[in-house]
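**Student:** Below is the structure I would like to discuss, written out as structure tokens.
The values are calculated or read from the model by the stated rules, or taken from the named source; none is laboratory data. Given the structure is predicted, the values throughout are model-derived calculations rather than measurements. All Cβ positions, even for glycine, are placed from backbone atoms using ideal geometry, and neighbour counts span all protein chains on display. Accessible surface is based on the protein model in full, side chains and every heavy atom, while ligands, DNA and RNA are left aside. Shrake-Rupley method; radii C 1.70, N 1.55, O 1.52, S 1.80 Å.
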Amino acid sequence: MEKPDWDDLALPLQARRNREVFARYGLAMHNAQCLEKQLALMLALSAPTFFTQSPKERDLLFDKALTEPFGKIWNKLRTVVPFDSDLVNQISKAKTVRNYLAHNYFWEHAADLLSEAGQEKLIAELTTAADQFKNLDDRLTKIIDAYSRQIGITEEVITLEIEKLKNGSV
């Protein structure tokens, strides 16, 4: 396999650090989206009529929830799911961090991209944000897994659905 043109160690160190900053930003935003979609799935599942509806109607609930912005999903979900106060605080903080990353981060840190210390600071901040989102997503996954088992959704059903997603048949 040929070496990709983006994988060039001949780049100056500052350029490689900047590339790492943007990679960490991408990871943080990826993890933020995973958390956001996890909350959307919880919102759809929390609908009182979810399990009495047809599969097509349930898909519409998922589709609607998955198109809502993070803040709107969170505001709706916290009124119907009794989260403990620690989780509420963590998700609220994560929403604030996500919005900051999406709307202001590079504007406020443009000068940091110009120095080694600034780049290292950004890498550390973005790594912390990515970890925060991932940890919350993992915590919510455990909640959804327990709920799924409680209502009779087996690991086999989940595995089958994941395979459908992988194969593009969903």
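**Student:** As I understand it, the value is the acute angle between the Cα axis of helix 155-167 and the longest principal axis of the Cα atoms of the chain; what does it come to in degrees, rounded to 10?
**Tutor:** The helix 155-167 is inclined about 50 degrees to the chain.
**Student:** OK, next. Report, in debye and to the nearest 20, how large the dipole of the range 36-87 comes out about its Cα centre when Lys and Arg carry +1 and Asp and Glu carry -1 on their Cβ.
**Tutor:** 140
**Student:** At a threshold of 8 angstrom on Cα-Cα distance, excluding pairs fewer than six apart, so keeping six or more, what relative contact order does the chain reach in percent?
**Tutor:** Contact order relative to length: 36 percent.
**Student:** Under a GNM of the chain (C-alpha, springs under 10 Å), which listed residue has the highest mean-square fluctuation: 137, 86, 59?
**Tutor:** 86
**Student:** Next up: Could you list which residues have their amide H under 5 Å from that of residue 11, counting only those 5 or more apart in sequence or on another chain, with H placed in the peptide plane?
**Tutor:** When sequence neighbours closer than 5 places are left aside, there are no close amide H contacts.
**Student:** Oh, and also: Order 122-132, 153-163 from most to least packed using the mean count of other Cβ atoms within 10 Å.
**Tutor:** The densest-packed peptide leads the list: 122-132, 153-163.
**Student:** With +1 on each Lys and Arg Cβ and -1 on each Asp and Glu Cβ, and nothing else charged, work out how big the dipole of the range 92-170 is about its Cα centre, in Debye to the nearest 20. Write down the numbers at each step before the final one.
**Tutor:** On the way: 10 positive and 13 negative charges, 66 e Å.
Magnitude of the dipole: close to 320 debye.
**Student:** Ordering 143, 73 by accessible area with a probe of 1.4 Å, largest first, what comes out? Intermediate results must be reported in sequence, preceding the final value.
**Tutor:** Working: 143 70, 73 0 Å².
Greatest to least solvent exposure: 143, 73.
**Student:** Could you size up the charge dipole of the range 25-170 around its Cα centre, putting +1 on the beta carbon of Lys and Arg and -1 on that of Asp and Glu, and report it in debye to the nearest 20?
**Tutor:** Magnitude of the dipole: close to 500 debye.
**Student:** On to the next question. Hey, what does the equivalent ellipsoid look like for the range 61-121, semi-axes from the Cα gyration tensor as sqrt of 5 times each eigenvalue, largest first, whole Å?
**Tutor:** Details: eigenvalues 204, 46, 11 Å².
After scaling each eigenvalue by five and taking roots: 32, 15, 7 Å.
**Student:** With axes computed from alpha carbons, what is the tilt in degrees of helix 116-150 against the longest principal axis of the chain, rounded to the nearest 10 within 0 to 90?
**Tutor:** Computed tilt is about 10 degrees.
**Student:** Provide the per residue accessible area, probe 1.4 Å, for the chain, rounded to a whole number of square angstrom.
**Tutor:** Per-residue accessible area for the chain comes out at 64 Å².
**Student:** Could you work out, for the chain, what percent of all Cα-Cα pairs fall into each 5 Å distance bin, beginning at 0 Å and stopping at the bin that holds the largest distance?
**Tutor:** Final binned percentages: 1, 7, 13, 17, 16, 13, 11, 8, 7, 4, 2, 0, 0.
**Student:** Something else about it: Taking all protein chains in place and a 1.4 Å probe, what share, in percent, of the accessible surface of the range 78-163 do carbon and sulfur account for?
**Tutor:** Whole-percent figure for carbon plus sulfur exposure: 56.
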